[in-house]
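K.L.:
Quick one: the structure is below, questions incoming.
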Amino acid sequence: MNRIQFFILTGLSILVLVLLIGNIILVRQTNNEQALFNQAQQTVSLGKASKAMVGEVARSIYQYSQKTQDQGLKDILIRQGINTTGTPGANATESPAPPAAAPASTH
């Protein structure tokens, strides 16, 4: 093996080593990003499930307020932006509006 072949082989070996290290770094970054993505996806799934449960609770409260004619429950639903007229739970799965100011008490 002459001197030029030695330098060519050494250069190629260094290049392969640099590419191998780069590959290891990229795989680790990809794994970290995948873990973050999976965590975000679980959070979104949990949020969707929670929203569905809140909708069911709102529908149950609405139905109970209709059955008992409880004005207090109807006021709470209205303050939370949940539809209290029309079909039960029509607006219950939508995001609630900001609560309205509480009526002033007349002590």
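The values are calculated or read from the model by the stated rules, or taken from the named source; none is laboratory data. Computed from a predicted structure; not experimentally measured. All Cβ positions, glycine included, derive from the backbone under ideal geometry; neighbour counts span all protein chains shown.
K.L.:
Test ILE8 against the stated conditions and say whether it is surrounded by 10 or more Cβ atoms within 10 Å (Cβ to Cβ), of a type in the set (Val, Ile, Thr) and at pLDDT below 85.
P.N.:
Judged against the criteria, ILE8 is not a match.
K.L.:
Determine if the stretch 29-38 includes at least one residue that is of a type in the set (A, V, I, L, M), assigned to a helix (DSSP H, G or I) and without any contact (Cβ under 8 Å) to a residue 12 or more places away in the chain.
P.N.:
Yes: the stretch 29-38 contains one or more residues that are of a type in the set (A, V, I, L, M), assigned to a helix (DSSP H, G or I) and without any contact (Cβ under 8 Å) to a residue 12 or more places away in the chain.
K.L.:
On the given criteria, is LYS67 surrounded by 10 or more Cβ atoms within 10 Å (Cβ to Cβ), among the basic types (Lys, Arg), in a helix (DSSP H, G or I) and modelled with pLDDT of 80 or more?
P.N.:
no
K.L.:
Additional query: Taking ALA49, is it under 28 Å from the mean Cα position of the chain (by Cα) and modelled with pLDDT of 80 or more?
P.N.:
For ALA49, the condition - under 28 Å from the mean Cα position of the chain (by Cα) and modelled with pLDDT of 80 or more - is met.
K.L.:
Only one of (1) surrounded by fewer than 10 Cβ atoms within 10 Å (Cβ to Cβ); (2) modelled with pLDDT of 85 or more; (3) of a type outside the set (A, V, I, L, M, F, W, C) is not met by PRO98, so which one is it?
P.N.:
Evaluating PRO98 over (1) surrounded by fewer than 10 Cβ atoms within 10 Å (Cβ to Cβ); (2) modelled with pLDDT of 85 or more; (3) of a type outside the set (A, V, I, L, M, F, W, C) leaves (2) as the failure.
K.L.:
Sticking with this structure for a sec: Please work out if ILE61 is surrounded by 10 or more Cβ atoms within 10 Å (Cβ to Cβ), in a helix (DSSP H, G or I), at pLDDT below 90 and in contact with a Leu (Cβ under 8 Å, 6 or more places away or on another chain).
P.N.:
So ILE61 passes the test.
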